[in-house]
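What follows draws every value from the coordinates through simple rules; no lab data is involved. Quantities reported herein were computed from a predicted structural model and do not represent experimental measurements. Counting neighbours? That spans all protein chains shown, and the Cβs are built from the backbone with ideal geometry, glycine included.
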Amino acid sequence: MTNERYGVCGVYCGQCPNGNGRVRFTAGELKRLVDTVRYNWVNDYVKSFRFEDFRKGLEWFSQAQCQGCLAGDGAPCKNRPCAQGKGLRSCLLCDSYMTCKDTVYQREWYPFVAENYERVKQVGFDRYLEEEEQRARAGVDLMGHLDRRCCKVVELDEKKEPNPKP
């Protein structure tokens, strides 16, 4: 099986919003909407808001998509060179996965990787990848897991006084 949509660290890229294109698509859609509705007036209404910077951010995100660590993309980490040095396709194939200092981040932020590790032992790495790809096609993604941990309510600065009409 040839499946390159996995992170060496044990997180499946096909379920990551940056790896599966969800971030790119959503940012592009939001960029189109704010351009269509012409939200640049917000600069005059909210003290700390700079529409130009927001728009540049949307432009960047609408063109960005992680190609995965196997293609040399993704966040820099020690997992890739370590697995490569051991001749492993994935850290999930390493007997030290559950105690390795380089997979602490994955185990803390994505605790389901412990189940992934056990699943690889049960069915083998290729079958595990097939299952993860099926889950990705069914709509499973990391957002459900990360929503509570990462999504925050941001309070906006007080509003500026509207400009009086001449």
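The angle between the Cα long axis of helix 125-137 and the longest principal axis of the Cα atoms of the chain comes to about 30 degrees, rounded to the nearest 10.
Spatially close Lys pairs in the chain, defined by Cα atoms under 27 Å apart and a spacing of eight or more places or different chains, total 20. The amide H of V46, built 1.01 Å from its N in the peptide plane, has K160 as neighbours under 5 Å, considering only residues 5 or more places off or on other chains. Across the stretch 61-74, rounded Karplus estimates of 3J(HN,Hα) from the backbone phi angles (6.51 cos²θ - 1.76 cosθ + 1.60, θ = phi - 60°) give 5, 6, 10, 9, 8, 5, 8, x, 5, 5, 9, x, 9, x Hz, Gly and Pro being marked x.
Using C-alpha pairs below 8 Å separated by at least 6 residues, the relative contact order for the chain is 34 percent. Would you mind classifying the stretch 84-128 by shape? Square roots of the alpha carbon gyration tensor eigenvalues, ordered a ≥ b ≥ c; an a/c under 1.5 is rounded, otherwise it is prolate if a/b is larger than b/c and oblate if not. Oblate, since a/c reaches 1.5 and b/c is not below a/b.
For the peptides 15-22, 113-120, 54-61, the ranking by mean Cβ contacts within 10 Å, running from highest to lowest, is 15-22, 113-120, 54-61.
For Rg and Dmax of the Cα atoms in Å, computed directly from the structure shown, the correct entry in [x] 18.3, 65; [y] 20.7, 74; [z] 14.5, 42 is [y]. Rounded to the nearest Hz, the phi-derived 3J(HN,Hα) couplings of the stretch 85-98 under the Karplus curve 6.51 cos²θ - 1.76 cosθ + 1.60 (θ = phi - 60°) are x, 8, x, 9, 6, 8, 4, 4, 8, 8, 5, 8, 3, 6, where x marks glycine and proline. Put simply, when 103-109, 70-76 are sorted by average Cβ atoms within 10 angstrom per residue, most first, you get 103-109, 70-76. Given R0 = 41 Å, the distance between the Cβ atoms of R89 and L33 translates into a calculated FRET efficiency of 0.50. E130 versus F25, label points 7 Å from Cα toward the beta carbon: distance in nm? Distance between label points: 2.6 nm. I need the calculated FRET efficiency for the pair A64 and V42, taking r as the beta carbon distance and R₀ as 30 Å, to the nearest 0.05. The calculated FRET efficiency here is 0.80.
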